Structure formats: C-alpha cells, structure tokens
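Trainee: Handing you this structure, nothing more for now.
Laboratory data are not the source of any read-out in this text; all were calculated from the coordinates shown. All of these numbers come straight from a predicted model, not from anything done at the bench. For neighbour counting, all protein chains shown are included, and Cβ atoms are generated from backbone atoms with ideal geometry for every residue, glycine included.
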Amino acid sequence: MDTFIAPTDRADLLRAAVSQAVEFLREGEAVALPTETVYGLAADALNPAAVARIFEAKERPSFDPLIVHLPHRKRLADVALVPPDIAETVATLIDTFWPGPLTLVLPKAPALPDAVTGGLPTVAVRMSSHPVFKAVVTSFGGPLAAPSANRFGRISPTSAAAVMKELEGRIPLILDAGACPEGIESTIIRIIPTPQGKPIFRILRAGPLTKEDLQPYGKIEWANGQPDKKGQIPPPEVPGQLPHHYAPTTPLRLVENPQDFHPEPGKRYALLSYRGDAEDGFLDLTEWDHVLVLSPGSGKLPEAALRFFHCLRSLDELGVDEIIAEPVPLRGLGMALMERLRRASRY
Ligand code: AMP
Ligand code: MG
C-alpha cells in the first residue's frame, strides 16, 4: 500500500486532509494523526476489524491495550463506566485538564471491543487538544483508538516524517501538522477513592502533566513500572509499560555520573546531552562523534520534552556504536523523561 502525507497548513488543505482521514476511518482503516503529545495511529474504536489494523500495522502484541480518544466529553459513557465514588473527581479532572495530555483509566463499557483494551476490564481514555486531531475526531463523530504511531517497542514519532519511517507501506495516510507541541506521551492515571479526603492518583505512566500539576486534586502515588525515589523502575502493574521500550536500534546507555563512563578505544559514541554545558561533566569525556542537546535553552524541561524523541531518532540514524544519555533532573517533566531514558537504556 502507498502511504501519503497530507499537509494541513492551509484551510483548504486541512479540510481536504480531514475529510480524507474520516473517509478512511469509516472504511475501517488506520490513519496517522498528530496529537499534542506524539503522532497517533487512529482507527474506529468500536469496530474490531479497524482496531485489528492498528495492531497489525504496529506489530503490537494483542495484550498491549490502546488509548481511546473522545470527540467530546459527553461521549465518555460510550467507552467507560464512571463509578459513583470517583464521579466527582473524574468531572473535576476533565474540567481542568481535558482536552489535554491526561489519560484516565476507568472501567470499560460493554460496547467497547475487548481488542481495544487487550482483554482488560478497564479502558484508558482521553481527549486530545490538537486542532487537527480534534477536527478529525469531531467530524468522525465517535471514539478513536489511537496509540503512538510507531512500530512496537520503537521510538514514538513526533513528526510526519518520523511516522513515515515507522509505518510507510502499512497505512494509507498521515496528516502532517509539523512537530508535536508536548513531545512525549500522555500522563496515565488510575483514580483510587478514599473514604474521606482526597482520592489517590496512581501514576501509571509519567507524562506532560506532572505530579505537581495533579497534586492539588489528589494524593500522588507512583505505580509499579514507574521510577521509585532512587529512580529505579520496578516491574510494571499494567501490560504495555514494558521495561524496555522507546528503544533506538543503536544501543543507548543512560550514564548517571560522568565518572561511570569509560569509552572503549575505536568505538564511536554520540552524546544526548541535557543542557550542553561543559560544567555537567559529559562534554569532555571523549571525542564524541556527535552531540545533541535536549535543551539548548540551558536546561528547560519542556524544551527537552519537545525535542526528546526527535533527538533520540536523529542520533539513532548516525550509525554510531553507542548513544550515551545524560540524566535530566528528577522533577516536573524530568520524571517522564528519565522514565523514557531508563526504558530506552539497555543497561
Ligand atoms: P500509547 O502507545 O502511547 O498509546 O500507550 C498505550 C499505553 O497505555 C499502553 O501501553 C498501556 O501502558 C497504557 N494503557 C492502555 N490501556 C490501559 C489500561 N486499561 N490500564 C492501564 N494502562 C493502560
Ligand atoms: Mg506507544
């Protein structure tokens, strides 16, 4: 199958791209769409054959559940059942953070095919704030299952060109809206009610909405599979949060302290630096084949998140022997970046 990239940067192009995408979705095809987090591979969530197309294109194992995107919050009941004891919290979180990069794990509605949730009794659901995604899902008029538009276990795509590299020949259409504004996948939480006081938010995947953002509304708890206080990752409690994920083809090693890196003679190394500052102790460690800086703005985590997968992908394409990654601070968005670096690291 030929894969076409449809531009969306003019009103007429956007209209044409949206109607083409909706046509494919109605036919049960999977199409790649930009979201504020990363590019997603979308298909009709209520059509099992369409959902199967996602798994096929991504080579994703069937136990790994998908995220469902709604056209409108009023459509939540199509895919999820909100238990009365968390209804108020769910309403507050939706009022505050939707549309946006917050995914809620809720009991699944019977009408939602089991294929979407990998057989789990729960569904992960959100609403995207990206104008192009919104235009497509609104015009489609129903829930779309849309995991990241990469082949399983590989780097999430944050541009149409990156989706093309991952899925060319496997899907008919990619809507191109340039770089994704957040750059990393959504924050996923499960809400646990408590008899009195604030509910507990268990963070299943760290993402653009940080612990600090969510704290006013609930008590934060990190699920298994998330970094503990020392930043180590215990085995996950949900499928999909696999210990090795987001992995470049080139071996990547997260080096916590510069003194832990001992370059082997003759090997070519690339550095994924946080700030690109010699003071951090990494720049002078060896004759780097290539250095990419996540946050040239001298250490700004949102900038690092936005550039993260793009930089990782660029370094992966150099053909070096190993990519060495510097740590980023374990606060705010840094939690989400370190989680991804740990999963990408083979050591
Ligand atoms: P993505 O490929 O970024 O769309 O991520 C989908 C991920 O969301 C999966 O790999 C799971 O880790 C997570 N997820 C989806 N559904 C559920 C669920 N019902 N419970 C817990 N996590 C889920
Ligand atoms: Mg993914």
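Trainee: When the Karplus curve 6.51 cos²θ - 1.76 cosθ + 1.60 is applied with θ = phi - 60°, which whole-Hz ³J(HN,Hα) does each residue of the stretch 198-205 get, with x for Gly and Pro?
Mentor: 5, x, 9, 9, 8, 7, 8, 8
Trainee: Still on this model: Just order 274-282, 192-200 by mean Cβ neighbour count inside 10 Å, highest at the front, would you? Let's see the in-between values first.
Mentor: Working: 274-282: 15.9, 192-200: 11.8.
Ranking, from highest mean packing down: 274-282, 192-200.
Trainee: Related question: Taking a quarter of the surface of the Cα convex hull of the chain, what do you get in nm²? Display every interim value, and only then the final one.
Mentor: Values: hull surface 69.7 nm².
Averaged projected area of the chain's Cα convex hull equals 17.4 nm².
Trainee: Return the ratio Rg/(2.2 N^0.38 Å) for the stretch 185-226, where Rg is computed over Cα atoms only. Let's see the in-between values first.
Mentor: Numbers: Rg = 9.9 Å, N = 42, 2.2 N^0.38 = 9.1 Å.
Normalised Rg, Cα atoms only: 1.09.
Trainee: Set the bar at 27 Å for Cα to Cα. Now go through Lys74/Lys108; Lys58/Lys267; Lys108/Lys211; Lys108/Lys198 and name every pair that lies beyond it. List each step's numbers first, then the result.
Mentor: Details: Lys74/Lys108 15 Å; Lys58/Lys267 32 Å; Lys108/Lys211 25 Å; Lys108/Lys198 24 Å.
As for pairs spanning more than 27 Å Cα to Cα, those are Lys58/Lys267.
Trainee: For the stretch 12-138, which semi-axes, largest first and in whole Å, follow from the square roots of 5 times the eigenvalues of its Cα gyration tensor?
Mentor: Details: eigenvalues 108, 72, 28 Å².
Rounded to whole Å, the semi-axes are 23, 19, 12.
Trainee: Then there's this: If amide H atoms are built 1.01 Å from N in the plane of the peptide, which residues on other chains or at least 5 residues away come under 5 Å of the amide H of Leu173?
Mentor: Hits under the 5 Å cutoff: Phe4, Ala32.
Trainee: In whole Å, largest first, what are the principal axis extents of the Cα atoms in the stretch 256-301?
Mentor: On the principal axes, the stretch 256-301 reaches 33, 19, 14 Å in Cα extent.
Trainee: Show me 160-171, 125-136 ranked by packing, highest mean number of other Cβ atoms within 10 Å first. It would help to have the intermediate numbers written out before the result.
Mentor: Values: 160-171: 19.2, 125-136: 22.7.
Peptide ranking by packing, descending: 125-136, 160-171.
Trainee: Based only on Cα atoms, what Rg/Rh ratio does the stretch 20-65 have, Rh being taken as Kirkwood's radius? Each step should come with its number before you reach the end.
Mentor: Values: Rg = 10.5 Å, Rh = 10.9 Å.
Rounded to two decimals, Rg over Rh is 0.96.
Trainee: How long are the semi-axes of the equivalent ellipsoid of the stretch 239-337, defined as square roots of 5 times the Cα gyration tensor eigenvalues? Whole Å, largest first. Walk me through the numbers before you get to the answer.
Mentor: Details: eigenvalues 80, 60, 32 Å².
Here the semi-axes work out to 20, 17, 13 Å.
Trainee: Which FRET efficiency, nearest 0.05, do Arg10 and Glu168 yield, Cβ-Cβ r, R0 30 Å? Don't jump to the answer; show the numbers that get you there.
Mentor: Values: r = 24 Å, r/R0 = 0.81.
E between Arg10 and Glu168, to the nearest 0.05, is 0.75.
Trainee: Could you pull out every one of the aspartates and glutamates with an alpha carbon less than 13 Å from that of Lys134, ignoring same-chain neighbours closer than 8 positions?
Mentor: Cα-Cα hits under 13 Å: Glu36.
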